[in-house]
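Encoded as structure tokens, the structure appears first; notes follow it.
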Amino acid sequence: MRHNTTERELRSVDGYLAAALGILLIVGAVISFILAPGAGGVVGIVLRALMPLAGVFILVGLYMLQPNEAAILTLFGRYVGSDRSEGLRWANPFYVKRKMSLRARNLNAPTLKVNDKRGNPVEISAVVVWRVDDTAQAVFNVDDYDNYVRVQAEAALRHLATQFAYDEGEDLAPGETTLRSGQAAVLALKSELQERFDDAGVVVEDAKLSHLAYAPEIAQVMLRRQQAEAIISARSKIVQGAVSMVEAALKGLSEREIVVLDDERKAAMVSNLLVVLCSDKDTQPIVNTGTLYS
């Protein structure tokens, strides 16, 4: 059965006091042997001989911790606790001390080729900012937390790509999240990463997509499709605007009684205005000296 280990705080001793005591024992023993080598008899000699050994024993228990660094302490294979204090510290010399950085780290995930929700091959990559939050989980719940983070980040990125389409389309529901929608996809990626990293005691500080593109084999086809969609959208807006302008022109002429137009003349005017307003090129004016009926 799997045993889930969580972090416990260990209160270490001020290392400067321990260092001073250790040095004092060693120096005191040396001085006493020099000044009074036979004082105290056999018992005194034995005690003075043990003093430097005790001093060395104390000095062996010293260790240094930098800011945002922790020490995981174990005793004969049993987890004792984690020390997050800064500076020179002292703990039982029999403790095995493993230092671990608590600083934020960057993971630049490799570019992966996966299929999106539509089945189109896309290239995707991400940058993840993470840090160790629970030192005991990071050390004892997974074999190698650095490798664990890399593998799980790739797995989360692959799963994210299959859950969403690359871009909007007619086959998607209005407002449906896509990979190009930005913040929504990033939040989904961060949430899945955090869920996967929980077992390793790792916290996701930030996650961003650093690369997103169609695979080379379909990039040109999708580019033409996007261009066609853009042209159709632009044409639709142009036609809507032209119809509104023609409607306003006919209404203004009728209200001001500038000219009276029958249905045939209105149709001709509408046709000419739509040609002028919707044309890609500048139109050339033509002076009509006759009438529509001659």
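Kindly evaluate Arg103 against the criterion of being within 19 Å of Pro67 (Cβ to Cβ) and surrounded by 14 or more Cβ atoms within 10 Å (Cβ to Cβ). No: the conditions fail for Arg103. Just one of (1) surrounded by 13 or more Cβ atoms within 10 Å (Cβ to Cβ); (2) more than 30 Å from Ala213 (Cα to Cα) fails for Val129. It is (2). Return yes or no: is Ala200 among the aliphatic types (A, V, I, L, M), at pLDDT 75 or above, touching a Phe, Trp or Tyr at 6+ places or on another chain (Cβ under 7 Å) and at negative phi? Yes.
Summed over region 52-75, residues that are among the small types (Gly, Ala, Ser) and closer than 20 Å to Gly87 by Cα total 3.
Scanning region 132-170 for residues that are touching a strand residue (DSSP E or B) at 6+ places or on another chain (Cβ under 7 Å), surrounded by fewer than 18 Cβ atoms within 10 Å (Cβ to Cβ), free of Cβ contacts under 8 Å to residues at least 60 places away in the same chain and not in a helix (DSSP H, G or I) yields one hit, Glu168.
So that you can scan it fast, the table gives a plain yes or no per residue for (1) modelled with pLDDT under 75; (2) in a helix (DSSP H, G or I); (3) among the charged types (D, E, K, R):
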| position | (1), (2), (3) |
| --- | --- |
| Asp206 | no, no, yes |
| Leu212 | no, no, no |
| Arg225 | yes, yes, yes |
| Ser244 | no, yes, no |
| Val260 | yes, no, no |
| Lys266 | yes, yes, yes |
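Any residue at all in region 30-50 that's loosely packed, with under 14 Cβ neighbours inside 10 Å and either part of a strand (DSSP E or B) or at pLDDT 90 or above (or both)? No, the conditions are met nowhere in region 30-50. Set side by side, the residues Gly61, Gly87 differ, and just one is surrounded by fewer than 14 Cβ atoms within 10 Å (Cβ to Cβ) and modelled with pLDDT under 95, which is Gly87.
The values are calculated or read from the model by the stated rules, or taken from the named source; none is laboratory data. Note that this is a predicted model, so its numbers are computed, not measured. As a convention, Cβ positions derive from the backbone with ideal geometry for all residues, glycine included, and neighbour counts pool all protein chains shown.
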